[in-house]
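Notes to accompany the following structure.
The values are calculated or read from the model by the stated rules, or taken from the named source; none is laboratory data. Values in this document were obtained by computation on a predicted structure and should not be read as measured data. Virtual Cβ from ideal backbone geometry, glycine too; neighbours counted across all protein chains shown. Note: areas computed on protein heavy atoms with side chains; ligands, DNA, RNA excluded. Shrake-Rupley method; radii C 1.70, N 1.55, O 1.52, S 1.80 Å.
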Amino acid sequence: MVRVSKALLKDAGSGISKTLSEILVCPLSKQPLRVCEKTGSLISDAIGVSFPIKDGIPCLVPKDGKILETNDTSEDDGVTDSAGMKREEKGGNR
Amino acid sequence: MALRLVNSKLRSQILPMLSSTSLLHSHATSFGFKEVSEEEKSRLVGNVFSNVASNYDLMNDLMSGGLHRLWKDRLVSKLNPFPGMKHLDVAGGTGDVAFRILETINSMKRRAIQDSLNDSLHEETRIFICDINPNMLSVGKKRALERGLGEDKSLTWVEGDAEALSFEDNSMDGYTIAFGIRNVTHIEKVLAEAYRVLKPGGRFLCLELSHVEVPLFKDLYDLYSFSVIPALGELVAGDRASYQYLVESIRRFPPQEKFASMIAVAGFQKVEYENLVGGVVAIHSGLKF
């Protein structure tokens, strides 16, 4: 049971990130966005801003963006994180 | 280290944009016939669309006598949608244009399958619906469910600003904006963003209420606009002010030729427009080369 719901969650997540990796970018820097599953938001690492996802709709109006505390972004190193993200997306793409 | 530097540089340039547009230079702009500040305009327009979202379809039918459906059909037929296309419909929260595009493509696909000419090579169709107003988007999502398109993978809903799109450069085959550009604060920014996201060869199409110059018809149209529409808004939607804004904003929007030249300035080629119902609405189009 747990496994099934986990798989479902993973599917839903990869659905969003697949779309994202295809076309969505940060509305301000036009740089890639990464999905933060913990907070259910989209993060623009280039400028350290997070955008919410509400009811499955990414909210990418510049005014919706929240500036991340520098502590949050440095929690895990930005470079390896974005690289890891890319690998994950490729795996999900098939 | 280098990344950090770039980071902070970008931050200082971009973060001021986060606070509602730019506080550094706040120009006066129009909200209908009123002069308001730019921040005020986006807030006021936001209020209008939050107020009208639930009655939007009904009011469109009543005000245009159902004609808005034909105008949107015309817009989509000019687009020539094709299976596998990547399309962006801006300010299309209620899905009216997006559903038409998707249904056109789906009927083409069905025909292709019947003719057994179906090739599995073509890419997935993707239609992005971008609207700045969450109320309009939730009306659209609800309508998608009602039409059996709720699970359709081709539709992606995004809350976003036409002046700062969240789509990659050169990523779209088509861009449509129907009854939206009149409400933005900076038309030039919207056109520049449309140009940026379109692929070379991509098509820009804009359907907008425009200017009537036919003598007698103009008088009738003015009478209808300023007397009938606000009254209708009050009667049906219980909101006179929003519909007063609607008719005023139409008069403030640049006339056909002027708007066409703005589209050309943004970089588009083969810019042309077609008046419908004597200019009550116009469809402008341009190509990115």
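Scanning region B:41-73 for residues being closer than 14 Å to B:Ser249 by Cβ and charged (D, E, K, R) gives a total of 1.
Here is a check on your reading of the model: is B:Asp169 surrounded by fewer than 24 Cβ atoms within 10 Å (Cβ to Cβ), modelled with pLDDT of 95 or more, in contact with a strand residue (DSSP E or B) (Cβ under 6 Å, 6 or more places away or on another chain) and more than 25 Å from B:Asn60 (Cα to Cα)? Judged against the criteria, B:Asp169 is not a match. Anything in region B:174-199 that is within 12 Å of another protein chain (Cβ to nearest Cβ) and part of a strand (DSSP E or B)? List them, or say none. Matches in region B:174-199: B:Lys199 only.
For the criterion of being in a loop (DSSP other than H, G, I, E, B), open to solvent by 70 Å² or more (accessible area, probe 1.4 Å) and of a type outside the set (Ser, Thr, Tyr), B:Glu103 fails.
Residues checked against (1) in contact with a Leu (Cβ under 9 Å, 6 or more places away or on another chain); (2) modelled with pLDDT of 95 or more; (3) closer than 25 Å to B:Phe33 by Cβ:
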| position | (1), (2), (3) |
| --- | --- |
| B:Leu198 | yes, yes, no |
| B:Glu208 | no, yes, yes |
| B:Lys218 | no, yes, yes |
| B:Gln244 | no, no, yes |
| B:Glu257 | no, yes, yes |
| B:Val265 | yes, yes, no |
| B:Gln269 | yes, yes, no |
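Within region B:112-126, one or more residues are closer than 24 Å to B:Arg69 by Cα, open to solvent by less than 40 Å² (accessible area, probe 1.4 Å) and either modelled with pLDDT of 95 or more or over 13 Å from the mean Cα position of the chain (by Cα) (or both). Of all the criteria given as (1) assigned to a helix (DSSP H, G or I); (2) open to solvent by 30 Å² or more (accessible area, probe 1.4 Å); (3) within 10 Å of another protein chain (Cβ to nearest Cβ), the one not satisfied by B:Lys153 is (1). Of all residues in region B:58-98, those that are open to solvent by 20 Å² or more (accessible area, probe 1.4 Å), part of a helix (DSSP H, G or I) and closer than 21 Å to B:Glu272 by Cα total 6. In summary, helices (runs of 4 or more DSSP H) completely within region B:204-284 and bearing 3 or more residues that are surrounded by 14 or more Cβ atoms within 10 Å (Cβ to Cβ), of a type outside the set (A, V, I, L, M, F, W, C) and touching a helix residue (DSSP H, G or I) at 6+ places or on another chain (Cβ under 7 Å) occur at B:240-252. The residues in region B:172-199 that are open to solvent by 10 Å² or more (accessible area, probe 1.4 Å) and within 27 Å of A:Arg34 (Cα to Cα) can be counted, and the count is 7.
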